[in-house]
Amino acid sequence: MEKNQAAIVSNYLNEATPTTYEIRKLDTQNDTLIKFHQWANRKPIIAAFEVSKLGHDSYFFLFIDWHRNDNYYLVIYAHNKSTTIAELNRTVEEDGVTSLSWTYNPLKRDGKNGIRKSYYKQTFGTNTMKIPLPSSTLEVESFLDLLFKLCHNRIRADRIVDAFEFE
C-alpha cells in the first residue's frame, strides 16, 4: 500500500467514533514503535492502534513500512503481541473502489497447511478477501468489521487441525 493511502486510512481511524469498536492510538517516538515487538520496533510507522470490538476481541493495527522498502502494510497483531494475524499490503482497484487484498496462506511447519487451506476455502468460499479502504470516517466501522472477520476466519482455519485428528 502506498504511504499516502496508509496515512489517509490511519487518519480516518484516528478521527472515527464507531459504535461497536474502541480505537486507541498508540504512542510512537520519531515515527517508530519502541518496546512493542521485535518484528515492529524501530521500523517506520505512520500510526498504530489498539482496536477492541466491544465485548469481543482486541487487536493491534500497525500501518508500518514492514520491510523498510516504502511499501506500507496494515499489520494486525494478536492482542498478546505473540504473532501477527494478518499482513495486508496489496491493493486492488475495481469499479473505482480501492481495496486491500489478502489471501489465506498458512505457513505452519506441521505438514497440515493443505488441510487448513482446504478448510478455509470450503468454509468461506475463497482463500482471498478484499477489504475496501474507507473513504471517510463513516466507513471505518464496516472496514473494521471486515478486518475482524478476516482475523476470526484466519484463527479458525489455523486451529482446524486441532479440532480433528488428521493422518
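Across the chain, the mean sequence separation of Cα contacts (distance under 8 Å, 6 or more residues apart), normalised by length, yields a relative contact order of 18 percent. May I ask for the angle, rounded to the nearest 10°, between helix 140-163 and the longest principal axis of the chain, with both axes built from Cα atoms and the value confined to 0 to 90°? Helix 140-163 sits roughly 30 degrees off the main axis of the chain. Here the spin labels are modelled as points 7 Å beyond Cα on the Cα-Cβ line, and at residue 126 and residue 142 they lie 1.7 nm apart.
At q = 0.08, 0.16, 0.17 Å⁻¹, what is the base-10 log of I(q)/I(0) for the chain according to the Debye formula with one equal point scatterer per Cα and no solvent? Please give it to two decimals. Values returned for q = 0.08, 0.16, 0.17 Å⁻¹ are -0.24, -0.97, -1.08.
What is the Å³ per residue value for the convex hull set by the Cα atoms of region 83-167? Numbers along the way, then the final one.
Details: hull volume 9.1 nm³, N = 85.
Dividing the Cα hull volume of region 83-167 by its residues yields 107 Å³.
Accessible area per residue for the chain in Å², computed with a 1.4 Å probe and the full protein assembly in place, what is it?
Details: 9530 Å² over 167 residues.
Accessible area per residue: 57 Å².
Here region 45-167 is treated with +1 on each Lys and Arg Cβ and -1 on each Asp and Glu Cβ, and its dipole about the Cα centre works out to around 460 debye.
Counting only alpha carbon atoms, the long axis of helix 3-15 and the longest principal axis of the chain meet at about 80°.
Please work out how much length the chain gains when fully extended from residue 38 to residue 68, using 0.36 nm per residue of separation minus the C-alpha to C-alpha distance, in nm with one decimal.
Values: separation 30, 0.36 × 30 = 10.80 nm, distance 1.43 nm.
That pair, residue 38 and residue 68, stretches by 9.4 nm at full extension.
Separation of region 101-148 from region 33-77 is 18 Å, based on Cα centroids.
Roughly speaking, what is the stretch gain from residue 105 to residue 31, that is 0.36 nm per residue apart minus the C-alpha to C-alpha distance, in nm to one decimal? Intermediate results must be reported in sequence, preceding the final value.
Details: separation 74, 0.36 × 74 = 26.64 nm, distance 3.01 nm.
The span from residue 105 to residue 31 would gain 23.6 nm if fully extended.
Calculate what fraction, in whole %, of the accessible area of the chain sits on carbon and sulfur atoms when a 1.4 Å probe is rolled over the protein chains.
On the way: 4160 of 9530 Å².
Accessible surface attributable to carbon and sulfur in the chain totals 44 percent.
The values are calculated or read from the model by the stated rules, or taken from the named source; none is laboratory data. Being a predicted model, the structure only gives us computed values, none of them experimental. As a convention, Cβ positions derive from the backbone with ideal geometry for all residues, glycine included, and neighbour counts pool all protein chains shown. Protein only, heavy atoms only, side chains kept; ligands, DNA and RNA dropped before computing areas. Shrake-Rupley method; radii C 1.70, N 1.55, O 1.52, S 1.80 Å.
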